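The values are calculated or read from the model by the stated rules, or taken from the named source; none is laboratory data. Here the structure is a predicted model, which is why all the values come from computation and not from measurement. Because the Cβ atoms are built from the backbone with ideal geometry, glycine has one as well, and the counts that use them run over all protein chains shown.
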Amino acid sequence: MNNALIYAVCMLIAGIGIPTMAMLNGGLGGKLMSSTLATAISLAVGFTAAVIYLLATEGMPTQLFQSDTPFYFYLGGFCVAFYIISVTWIAPRFGISNAIAFALLGQLISMSAIDHFGLLGAQQYGLTTQRMVGLAFMAAGVFMVLDKVKPAAIQ
C-alpha cells in the first residue's frame with residue numbers, strides 16, 4: 001500500500017472521529033453540566049494517550065524545547081482547546097451537522113490561506129482557478145448539508 005493511500009485512510013478515520021468526539025464531549029458536558037470540565041477531561045485523556053503513544057514509539061524524549069523553534073509552534077494546543085470547548089458547548093445547541101459543517105468551512109478557508117501564502121513554513125501551493133472552483137464546490141456542499149440554520153436555533 002502506498003503512503004498516499006495510508007495517509008488518506010488515516011485522515012478519513014480522523015475525520016470520522018471529529019463529529020464522534022463532538023457528540024461524546026457534548027454529552028459529557030451535558031451530564032457534568034460543564035462544557036469546560038468535559039473539555040478538560042477530554043484533553044487529559046488525549047494527553048495521556050499521546051504520552052503513551054510517544055513512549056511506545058519514540059521512548060523518553062531528551063529535550064522538550066528547541067531554542068531555534070519559534071514560540072508560536074508550541075501554541076497549537078490553544079487551537080485544540082478552543083475547538084473542543086467550542087464544539088462541546090455548541091454542538092448540542094446548534095446541531096452536530098451545523099457545528100461540524102461550519103468547522104469544515106473554517107478549515108477550507110484556513111487551508112487555502114496557509115497553502116497559498118506558505119504560512120508557518122508550509123509548502124506553498126498557489127490558489128489556482130481549478131482550486132478555487134473546487135473550494136467553491138466544497139463550500140457549497142457544506143451549506144447544502146446544513147440543518148435549517150437560523151439565528152433562533154442558537155440558544
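Kindly indicate whether residue 146 is at pLDDT below 95, crowded, with 16+ Cβ neighbours inside 10 Å, out of contact with any Gly (no Cβ under 6 Å at 6 or more places or on another chain) and farther than 23 Å from residue 50 by Cβ.
Working: at pLDDT below 95: yes; crowded, with 16+ Cβ neighbours inside 10 Å: no; out of contact with any Gly (no Cβ under 6 Å at 6 or more places or on another chain): yes; farther than 23 Å from residue 50 by Cβ: yes.
No; evaluated as a whole, the condition is false for this residue.
Taking the range 28-45 on its own, how many of its residues are free of Cβ contacts under 8 Å to residues at least 12 places away in the same chain and either of a type outside the set (S, T, N, Q) or touching a Cys at 6+ places or on another chain (Cβ under 7 Å) (or both)?
Initially, the range 28-45 is screened for residues free of Cβ contacts under 8 Å to residues at least 12 places away in the same chain, giving 31-34, 37, 40, 44-45.
In the following step, the residues that additionally are either of a type outside the set (S, T, N, Q) or touching a Cys at 6+ places or on another chain (Cβ under 7 Å) (or both) were identified as 31-33, 37, 40, 44-45.
Residues in the range 28-45 being free of Cβ contacts under 8 Å to residues at least 12 places away in the same chain and either of a type outside the set (S, T, N, Q) or touching a Cys at 6+ places or on another chain (Cβ under 7 Å) (or both): 7 in total.
Residues are listed down the side, and each one gets a yes or a no for (1) buried (at least 17 other Cβ atoms within 10 Å of the Cβ); (2) assigned to a helix (DSSP H, G or I); (3) of a type in the set (Asp, Glu):
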| residue | (1), (2), (3) |
| --- | --- |
| 8 | no, yes, no |
| 15 | no, yes, no |
| 28 | yes, yes, no |
| 38 | yes, yes, no |
| 54 | no, yes, no |
| 65 | no, no, no |
| 82 | no, yes, no |
| 85 | yes, yes, no |
| 98 | yes, yes, no |
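For the range 100-141, name all the residues that are of a type in the set (S, T, N, Q) and either in contact with a helix residue (DSSP H, G or I) (Cβ under 8 Å, 6 or more places away or on another chain) or in a helix (DSSP H, G or I) (or both).
As a first pass, look at the range 100-141 and keep what is of a type in the set (S, T, N, Q): 107, 110, 112, 123-124, 128-130.
If the condition is that a residue be of a type in the set (S, T, N, Q) and either in contact with a helix residue (DSSP H, G or I) (Cβ under 8 Å, 6 or more places away or on another chain) or in a helix (DSSP H, G or I) (or both), then 107, 110, 112, 123, 124, 129, 130 are the ones that fit.
Listed by first and then second residue, the pairs linking a residue in the range 51-69 that is within 24 Å of residue 120 (Cα to Cα) and modelled with pLDDT under 95 to a residue that is outside any loop (DSSP other than H, G, I, E, B) and of a type in the set (Ser, Thr, Tyr), with Cβ atoms under 9 Å apart and 6 or more places separating them unless they lie on different chains, are 65/74. Considering the range 67-80, the residues that are of a type in the set (A, V, I, L, M, F, W, C) and assigned to a helix (DSSP H, G or I) include one that is farthest from residue 103 (Cα to Cα), namely 71.
Criterion applied to 36, 69 was being in contact with a helix residue (DSSP H, G or I) (Cβ under 8 Å, 6 or more places away or on another chain) and hydroxyl-bearing (Ser, Thr, Tyr), and the one residue passing it is 36. Here the condition is being small (Gly, Ala, Ser) and more than 30 Å from residue 38 (Cα to Cα); of 77, 141, it holds for 141 alone. The numbered conditions (1) surrounded by fewer than 13 Cβ atoms within 10 Å (Cβ to Cβ); (2) at pLDDT below 90; (3) under 22 Å from residue 11 (Cβ atoms) are all true for residue 123 except (2).
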